[in-house]
Ligand SMILES: Cc1ncc(C[n+]2csc(CCOP(=O)(O)OP(=O)(O)O)c2C)c(N)n1
Ligand SMILES: [Mg+2]
C-alpha cells in the first residue's frame, strides 16, 4: 500500500526574488545546468511569442498560448532522463523542442500539416492531446508497461486545473496508483479553464489534496519558479524509478495570456491580477536569480535569445516550405478496410476543390 503523505500546503519556492525570502540552491544544478535550464525557457518563450505573431499574420491556425508556463515545462523536463516519456496537452505543444524536435514540426502541427505529426517513439513525446485529460490514462498505461517490463523509464503527464474535473483524470490517477506505475502527474494550475475559474472547478482546498484520495503523495509548488518545479519533479521521478509509484504535483500560477488566440479574457478575467502576475513572470524571475548568482550577464542573455530567435525563424521558413497535403489523406489511415463509398467521396471532394 502506498504511503499517503499529506499534501504540501505552502507553495514550495527556490527563487527568493527581491522580497527577502532569499535564493536557495538546488542539488545537482551547477552553472552549466542552470544555463541549460535558462536556454530551454528562452527557447519556449521565443517560440510562444513568435507563434502569436504567426497566428496574427495568418501563418498558423488557432494557437494555445503558454506565456508564463515555461517554468513548469522546462523545470519538469530537466528532471527527466532521455528515456522518459512526456505526454503533453495543447498547452505544452512545444515541449518536444527541448528533446530536439525541430520547431518546424510543431509549427506544422499548428498549421494542420501532416509534417506536424511525429512518431512518439522518436522523441519519447506522445502526440499533443487536445481532449482534456484523455492522455492521463495513456500515460498511466505506458508507465505501467515500463514497470512490467522491468525498465527504469518513467513518464510525466501534463494537464490543467480544469482537467482534474474529468473522468479520465480520475481513472488515470487511480490506475497509476493501484498499479504503482512510475508516473508523474504534473498539474498546471493556472486558475482558469478557459473562462471557468478554479473556484467553480472544485471544492477541494488545494488540487494537491486530491492525491491523498488516490494514495499517492501530493506536492505543491510555485509554478513560476522553474527551480521549484525542477526540484519537485526530481523527487517524483526518483520515487517513480525506485518502485514508489506515482506522484501528483500541483504547480500553481495564474494565466496571464488569453487561453488561446481565439479567446478574449477581458470578458471574465481579473485584469489587475493579470498585470500583477506579469510583473513576476517566470523567465524574468529566473533571469534575476541567475544574475544575482553572477551566472548570467547581458551579452550571454542576448546571445541565448538570438540563438532561440534564429531557431524559430528557421522553423517557420521550413514549415512554410512544406507542400500542401493531398486531400486523399483525409480518408487514409481511418479504416483498415475503408468503406467503398470513400472512393466516390474522394472524387467528389476533388471536384469541389477544383
Ligand atoms: C473533453 C474536452 N472537453 C472540453 C474541451 C474544451 N476545452 C478546451 S481547453 C478547456 C479548458 C481546460 O482547462 P485546464 O484543464 O485548466 O487547462 P488550461 O487550458 O488552463 O491549460 C476546455 C474545457 C476539450 N478540449 N476536451
Ligand atoms: Mg487551467
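Just so it is clear, none of the values below were taken in a lab; they were calculated from the coordinates. What you see is a predicted model, and the numbers here were worked out from it, not measured in a lab. FYI the Cβ positions are ideal-geometry reconstructions off the backbone, even for glycines, and counts take in every protein chain you see.
Details
- Ranking of 234, 154, 129 by count of other Cβ atoms within 10 Å, fewest first: 234, 129, 154
- Ranked from largest, the principal axis spans of the Cα set of the chain equal 68, 52, 42 Å.
- Computed from label points 7 Å out along Cα-Cβ, the spacing between residue 317 and residue 24 is 4.5 nm.
- Mean residue ellipticity, 222 nm, helices only, the chain: the sum of -39500 (n - 2.57) across DSSP H runs of n ≥ 4, divided by residue count and rounded to 500, is -13500 deg cm²/dmol.
- Computed from the Kirkwood radius of its Cα pairs, the Stokes-Einstein diffusion coefficient for the range 47-190 at 20 °C and 1.002 mPa s stands at 138 µm²/s.
- Binning all Cα-Cα separations of the range 95-154 at 10 Å, short to long from zero, yields these whole-percent fractions: 20, 44, 29, 6.
- Diagonalising the gyration tensor over the Cα atoms of the range 155-296 and scaling each eigenvalue by 5 before taking the square root yields semi-axes of 27, 22, 11 Å, largest first.
- Using C-alpha pairs below 8 Å separated by at least 6 residues, the relative contact order for the range 31-323 is 25 percent.
- For the range 323-354 and the range 58-88, distance of Cα centres in Å: 34
- Over 20 Å [Cα-Cα, the range 283-354], rounded percent: 62
- Computed log₁₀ I(q)/I(0) - Debye formula, equal Cα scatterers, no solvent, the range 161-234, q 0.27 Å⁻¹: -1.39
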